[in-house]
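Everything below concerns the one structure shown next.
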Amino acid sequence: MSTLSHQPAALARKNRAVVMQALARAGQKAVALAIGKDLSTVSRWQGAPMEEMVMILAALDLKVVPITMRCFDEKTVEALLHGHRQWLASIEHPSQLAFEDDPE
């Protein structure tokens, strides 16, 4: 059974957009200095090499996200949301949210 993506083109476009936005924020010169390459090398990577890399990532069902993001399993999040929805649906009055009995 293959785990490769059947529709990598859309994901590749999104991956490329994320990379290009990050590159624009950081600047080609800063990236070149950080990785020890010439500015012209980083500039060339924005063409065919970038297209190839984002297609490889997409074909492997991988996506590019900022380092500050955290990934969660969709099924786990849905289970948590379902439980919270059920709990919220049972609340009829704010007093039910008290942690301890209010003497009043």
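Read-outs throughout are calculated quantities, based only on the coordinates presented, and are distinct from any laboratory measurement. Just so you know, these numbers come straight off a predicted model, no measurement behind them. Glycine also receives a Cβ, built like all others from the backbone with ideal geometry; neighbour counts cover every protein chain displayed.
Show the residue pairs meeting these rules: Cβ distance below 6 Å; 6+ apart or different chains; first residue within region 57-69 and more than 12 Å from LYS14 (Cβ to Cβ); second residue part of a loop (DSSP other than H, G, I, E, B).
ALA59/LEU4; ALA59/SER5; ASP61/SER5
Within region 89-98, is even one residue under 17 Å from the mean Cα position of the chain (by Cα) and assigned to a helix (DSSP H, G or I)? Write out each step before concluding.
Narrowing region 89-98 to residues under 17 Å from the mean Cα position of the chain (by Cα): none.
Among the residues of region 89-98, not one is under 17 Å from the mean Cα position of the chain (by Cα) and assigned to a helix (DSSP H, G or I), which makes the answer no.
Does any residue in region 20-43 that is free of Cβ contacts under 8 Å to residues at least 12 places away in the same chain come within less than 9 Å, Cβ to Cβ, of a residue that is among the basic types (Lys, Arg) six or more places away or on a different chain, and which pairs are these?
Final answer for the pair search is VAL31/LYS37; LEU39/LYS29.
Of everything in region 3-54 that's charged (D, E, K, R) and under 17 Å from PRO66 (Cα atoms), which residue is nearest to the chain's Cα centre (by Cα)? Quick ask: steps written out before the conclusion?
As a first pass, look at region 3-54 and keep what is charged (D, E, K, R): 13-14, 16, 25, 29, 37-38, 44, 51-52.
Of the ones still in play, those that are also under 17 Å from PRO66 (Cα atoms) are 13-14, 16, 25.
Details: ARG13: 14, LYS14: 10, ARG16: 13, ARG25: 17 Å.
Once the filter is applied, the top-ranked residue is LYS14.
Just name the residue that is surrounded by the fewest Cβ atoms within 10 Å (Cβ to Cβ) out of those in region 47-70 that are assigned to a loop (DSSP other than H, G, I, E, B) and in contact with a Lys or Arg (Cβ under 9 Å, 6 or more places away or on another chain). Break it down stepwise before answering.
Of the residues in region 47-70, the ones assigned to a loop (DSSP other than H, G, I, E, B) are 47, 60-70.
Then drop every residue that is not in contact with a Lys or Arg (Cβ under 9 Å, 6 or more places away or on another chain), which leaves 63-64.
On the way: LYS63: 15, VAL64: 19.
Among residues in region 47-70 that are assigned to a loop (DSSP other than H, G, I, E, B) and in contact with a Lys or Arg (Cβ under 9 Å, 6 or more places away or on another chain), the one surrounded by the fewest Cβ atoms within 10 Å (Cβ to Cβ) is LYS63.
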